[in-house]
1. Quick check on my filter: what residues within segment 49-80 are of a type in the set (S, T, N, Q) and modelled with pLDDT under 75?
2. Looking only at residues that are at pLDDT 80 or above and surrounded by 12 or more Cβ atoms within 10 Å (Cβ to Cβ) in segment 19-37, which one is farthest from the ligand (Cβ to nearest atom)?
Amino acid sequence: MAGGISCICGAPLVEEVTERGVYPVGGGPLIPFSRPTDYVMCESCLRTYNVRSLMARAETAEAIESLERLAEKVEEAEQG
Ligand SMILES: [Zn+2]
């Protein structure tokens, strides 16, 4: 399926996104999604990403651009 996804700050966000969960950077067991509203947080800048959006983005080749737009939405949501 998809490969790793990086945060817009450049830090690796997840090793791999699958339909069932995400694999953490640096290896480790699958972190299953428990809720559709789960977020993945960047360890570098603490920016958060909705996992369902990550899944969708991971299936495209436009990951970086899409994540930037997603991040803007997340910031708006946090402010609201
Ligand atoms: Zn980051």
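The values are calculated or read from the model by the stated rules, or taken from the named source; none is laboratory data. These numbers were taken from a predicted model, which means no experiment stands behind them. Please note: Cβ atoms are built from the backbone with ideal geometry, for glycine as well, and neighbour counts cover all protein chains shown.
1. Listed by number, the residues that qualify are 60, 66.
2. Applying the filter and picking the extreme gives 30.
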